[in-house]
Amino acid sequence: MNQEQIIERTVDFVKAVLADAEGGHDWWHIYRVWKSAKQIAQSEEVDWFVVELGALLHDIADSKFHGGDESVGPQKARAFLESLNVDEAVIVHVENIISNISFKGGNQIQHFKSAELDVIQDADRLDAMGAIGIARTFNYGGHKNREIYNPDIEPNLNMSKEAYKNSVAPTLNHFYEKLLLLKDRMNTKAGRKMAEKRHAFMETYLEQFYQEWEGVL
Ligand code: ADP
Ligand code: NI
């Protein structure tokens, strides 16, 4: 099987596995991350095959939908790629990408670095920003039945990984706990440029939100 066929089979696999996923972590999230990763990769020196496989498989079993178990994603990806006889070095790289891509409050040490992970991480972060990022965030908050906004509950910027995962704060707090922090954490130049536009859009959105909240606009 050539690389193109492997990518096609991976697309089919991911669509099937994520068929019932929450709307912000479904196939279309993967589709957008895959597209953005390819866009960013045009200005980076990377192994395209690893970028595509990593982007497609990065949320194959997100730990927050698997009782916090972070080993399911890499294991699922490995079993799938082994079934297609993908090189061991590529499989190990993809496993490392899946294990190290996540934000989880932003206070974690990242144990693995590669140019390919940098690109995919930027693409994943971009999907948490801008118009799409706003949509995903409210979808997730609705999925968890959280309040949209509560002026009495302040954002918490120093959350541990556990506190971040278990937070029941209003959805608007997530903007301050994650979305607005992403612009300064981009790895690549191309990613940073896209992030700046999406960041500005979120700031405009929030200004409008608070004015509407108080009925002044
Ligand atoms: P990561 O895997 O980088 O930690 P997450 O999967 O936690 O990222 O977040 C992906 C998206 O899911 C966020 O950008 C946001 O849209 C939504 N999300 C996650 N946690 C929350 C939350 N506590 N409140 C609202 N949205 C959330
Ligand atoms: Ni993702």
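The values are calculated or read from the model by the stated rules, or taken from the named source; none is laboratory data. These numbers come from a predicted model, not from an experiment. In this analysis, Cβ positions are derived from the backbone assuming ideal geometry, glycine residues included, and neighbour counts consider all displayed protein chains.
Of note:
- Residue match in the stretch 199-216 (condition: at pLDDT 95 or above, in a loop (DSSP other than H, G, I, E, B), surrounded by fewer than 16 Cβ atoms within 10 Å (Cβ to Cβ) and in contact with a Ser or Thr (Cβ under 6 Å, 6 or more places away or on another chain)): no
Residue by residue, here is whether (1) aromatic (Phe, Trp, Tyr); (2) over 24 Å from Phe201 (Cβ atoms); (3) touching a strand residue (DSSP E or B) at 6+ places or on another chain (Cβ under 9 Å) holds:
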| position | (1), (2), (3) |
| --- | --- |
| Ile109 | no, yes, no |
| Val119 | no, no, no |
| Asp127 | no, no, no |
| Thr137 | no, no, no |
| His143 | no, no, no |
| Tyr149 | yes, no, no |
| Asn158 | no, yes, no |
| Ala169 | no, no, no |
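- Across the stretch 98-137, the qualifying residues are those that are charged (D, E, K, R) and assigned to a loop (DSSP other than H, G, I, E, B), and the one among them that is modelled with the highest pLDDT is Asp127.
- For beta carbons closer than 9 Å, sequence separation of 6+ or different chains, a first residue in the stretch 162-173 that is among the small types (Gly, Ala, Ser) and a second that is modelled with pLDDT of 85 or more and not in a loop (DSSP other than H, G, I, E, B), the qualifying pairs are Ser167/Asn173; Ser167/His174; Ser167/Glu177; Ala169/Glu177.
- Filter result for Val119 (hydrophobic (A, V, I, L, M, F, W, C), within 22 Å of Val51 (Cα to Cα) and either within 11 Å of ligand 1 (Cβ to nearest atom) or buried (at least 20 other Cβ atoms within 10 Å of the Cβ) (or both)): yes
- Matching residues, the stretch 142-188, being assigned to a loop (DSSP other than H, G, I, E, B) and within 16 Å of ligand 2 (Cβ to nearest atom): Lys178, Met186, Asn187
- Checking Phe112 against (1) within 12 Å of ligand 1 (Cβ to nearest atom); (2) of a type in the set (Phe, Trp, Tyr); (3) within 27 Å of Asp184 (Cβ to Cβ), the condition it does not meet: (1)
- One residue stands out in the stretch 22-38 among those that are touching a residue at least 40 places away in the same chain (Cβ under 8 Å), within 15 Å of ligand 1 (Cβ to nearest atom) and buried (at least 17 other Cβ atoms within 10 Å of the Cβ): the one that is farthest from Phe49 (Cα to Cα), namely Glu22.
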